[in-house]
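Encoded as structure tokens, the structure appears first; notes follow it.
The values are calculated or read from the model by the stated rules, or taken from the named source; none is laboratory data. Everything numeric in this text was worked out from a predicted model, so none of it was measured. Backbone-built Cβ (ideal geometry, glycine too); neighbour counts: all protein chains shown.
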Amino acid sequence: MKKSALELREVTKIFQKGREVVRAVDTVNLTVEQGELVTFLGPSGCGKTTTLRMVAGFELPTGGSITIQGKDMTNTPVNKREIGFVFQNYALFPHMSVFNNVAYGLKSRGEKDAEIRPKVIEALKLVGLQNTENRYPSQLSGGEQQRVALARVIVMEPNLLLMDEPLSNLDAKLRLHMRTEIRKIQKKLGITCLYVTHDQSEALTMADRIVVMNKGKVEQIGTPFEIYSNPQSLFVADFIGHANIVKLEIASLSQESITAKIPGGTSFTAKALKPDVYSATEVLYHVGKSAALIVRPESIQVGAAQEGEGIFPATVVSSIFVGSHIEYELLLKNNATIHASVPFSTGMEIYGEEASVSLTFDEQNSAFLPA
Ligand SMILES: Nc1ncnc2c1ncn2[C@@H]1O[C@H](COP(=O)(O)OP(=O)(O)OP(=O)(O)O)[C@@H](O)[C@H]1O
Ligand SMILES: [Mg+2]
């Protein structure tokens with residue numbers, strides 16, 4: 001059987017803060033294949049850094065096991081794990097040239113100068129910094145320094161590359177650039193990578209798979225597409241892409257879909273998501289009870305008030321023109337707030353405050369979860 005690059009089994013970390021017990025990481029299971037880039041996404045304090053620190057060996061788990069390339073490393077010291085770590089504060093040695101910064105790890109590993117030189121040159125080329133080896137960190141831009149930090153790690157040819165918010169000190173434009181750069185390098189080297197970020201667009205664009213964490217637990221693991229289009233919990237739906245979540249009364253049920261009552265209107269049908277693959281629709285949802293409709297701001301059309309099947313009557317609370325889009329805040333007849341993001345085109349009508357409008361939700365991009 002092919003060995004996974006990394007396997008976490010029931011990994012748990014409990015911190016004792018005075019009398020308070022914090023389950024920072026709670027029975028996390030994860031298998032990462034060779035060459036995969038897996039991003040960790042979740043709110044502050046959900047356990048992302050602690051998970052990475054345990055994989056690196058800076059922190060020992062309270063329970064569970066960590067296997068790297070088929071070997072149990074749960075209690076192996078940091079320096080025996082062959083792991084590269086890039087932090088948010090990537091602190092290069094300021095008094096050393098770029099060359100010596102990148103060569104540092106190889107030297108401390110006892111490699112000979114003749115072997116080191118070509119490796120350092122190659123690593124710098126890979127991050128697009130050829131011919132900078134004689135400069136000092138202070139003579140580089142923020143993005144260039146971050147790339148040196150990356151070169152310093154990949155030159156060691158680690159089994160695993162761990163990155164904890166590596167771009168959060170860079171400005172917005174540079175972040176966008178660096179995320180594609182990192183992804184390119186990671187793919188080219190085929191290196192397995194765990195990448196922690198707060199930024200969901202970073203997580204969505206870079207990842208082969210995303211781990212969404214909440215309060216120390218894994219909420220969902222999936223490809224960016226799965227996470228976005230098939231959230232398994234209201235937390236994931238809300239956290240990724242800021243979906244609208246509206247409670248509606250169920251009018252009827254079928255195996256695959258739910259028809260719900262529209263407040264002050266007709267009815268709306270969309271697919272029923274089943275968080276647990278073994279649960280039947282009838283167990284999760286009940287006619288006459290609520291289900292949570294999940295609809296993304298970009299899957300809503302805003303039009304002139306009219307009646308008709310599937311139309312949600314609404315009132316405009318605010319509309320903001322942001323150039324490419326109009327961002328609407330709207331109120332349904334049950335006082336639920338809806339956010340809609342409508343692409344702007346010349347000549348289109350923009351509805352102002354207190355206007356009565358009709359909303360239509362794209363059925364293909366709407367779904368119900370248990371409320
Ligand atoms: N050394 C420690 N001692 C006690 N509690 C800790 C320690 N390290 C982390 N924690 C707690 O464990 C929880 C998870 O922390 P962690 O740093 O893993 O979160 P995070 O997801 O990386 O958050 P952020 O996005 O803010 O970086 C938090 O409640 C934190 O306060
Ligand atoms: Mg953190």
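If I filter segment 203-255 down to residues being touching a Leu at 6+ places or on another chain (Cβ under 9 Å) and basic (Lys, Arg), which single residue comes out as surrounded by the most Cβ atoms within 10 Å (Cβ to Cβ)?
Restricting to residues being touching a Leu at 6+ places or on another chain (Cβ under 9 Å) and basic (Lys, Arg), the top hit is 209.
Applying the selection to segment 331-347, what residues are in contact (Cβ under 8 Å) with a residue 12 or more places away in the chain and over 13 Å from residue 312 (Cβ atoms)?
Looking only at segment 331-347, we keep the residues that are in contact (Cβ under 8 Å) with a residue 12 or more places away in the chain, and these are 331-334, 336-344.
339, 341, 342, 343, 344, listed by residue number.
Would a scan of segment 31-48 turn up a residue that is touching a residue at least 60 places away in the same chain (Cβ under 8 Å), more than 16 Å from ligand 1 (Cβ to nearest atom), farther than 26 Å from residue 199 by Cα and surrounded by fewer than 19 Cβ atoms within 10 Å (Cβ to Cβ)?
no
If I go through segment 137-165 residue by residue, how many of them are under 14 Å from residue 93 (Cβ atoms) and outside any helix (DSSP H, G or I)?
Here the count works out to 1.
Of 163, 178, which residue is in contact (Cβ under 8 Å) with a residue 40 or more places away in the chain, among the hydrophobic types (A, V, I, L, M, F, W, C) and either closer than 27 Å to residue 207 by Cβ or out of contact with any Ser or Thr (no Cβ under 7 Å at 6 or more places or on another chain) (or both)? Even if it seems obvious, please write down each step before you answer.
Details: 178 fails: in contact (Cβ under 8 Å) with a residue 40 or more places away in the chain.
Selected residue: 163, the only one of 163, 178 that is in contact (Cβ under 8 Å) with a residue 40 or more places away in the chain, among the hydrophobic types (A, V, I, L, M, F, W, C) and either closer than 27 Å to residue 207 by Cβ or out of contact with any Ser or Thr (no Cβ under 7 Å at 6 or more places or on another chain) (or both).
Which strands (runs of 3 or more DSSP E) does segment 1-120 wholly contain that include 1 or more residues that are within 16 Å of ligand 2 (Cβ to nearest atom) and assigned by TED's automatic domain parsing to the domain that holds residue 185? Step through it out loud before you land on a result.
Values: elements: 6-17, 20-32, 37-41, 63-68, 83-86.
Here the list reads 6-17, 20-32, 37-41, 83-86.
A quick yes/no check of all residues on (1) part of a strand (DSSP E or B); (2) closer than 26 Å to residue 7 by Cβ:
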site	(1), (2)
167	no, no
174	no, no
182	no, yes
188	no, yes
194	yes, yes
202	no, yes
210	yes, yes
213	yes, yes
218	yes, yes
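When you look at residue 267, is it small (Gly, Ala, Ser) and closer than 30 Å to residue 199 by Cβ, yes or no? Let's see the steps before the verdict.
Working: small (Gly, Ala, Ser): yes; closer than 30 Å to residue 199 by Cβ: no.
Here the answer is no, as residue 267 does not meet what is asked.
Any idea how many residues of segment 222-260 are hydrophobic (A, V, I, L, M, F, W, C), more than 26 Å from residue 33 (Cα to Cα) and in a loop (DSSP other than H, G, I, E, B)?
Residues in segment 222-260 being hydrophobic (A, V, I, L, M, F, W, C), more than 26 Å from residue 33 (Cα to Cα) and in a loop (DSSP other than H, G, I, E, B): 1 in total.
List every residue pair whose Cβ atoms lie under 6 Å apart, where the two residues are 6 or more positions apart in sequence or sit on different chains, the first residue falls within segment 281-309 and is in the same structural domain as residue 330 (by TED's automatic domain parsing), and the second residue, located anywhere, is among the basic types (Lys, Arg).
290/247; 292/247
Inspect all residues belonging to segment 73-81 and state whether any of them is in contact (Cβ under 8 Å) with a residue 12 or more places away in the chain, among the basic types (Lys, Arg), more than 15 Å from ligand 1 (Cβ to nearest atom) and in contact with a strand residue (DSSP E or B) (Cβ under 9 Å, 6 or more places away or on another chain).
Scanning segment 73-81 turns up at least one residue that is in contact (Cβ under 8 Å) with a residue 12 or more places away in the chain, among the basic types (Lys, Arg), more than 15 Å from ligand 1 (Cβ to nearest atom) and in contact with a strand residue (DSSP E or B) (Cβ under 9 Å, 6 or more places away or on another chain).
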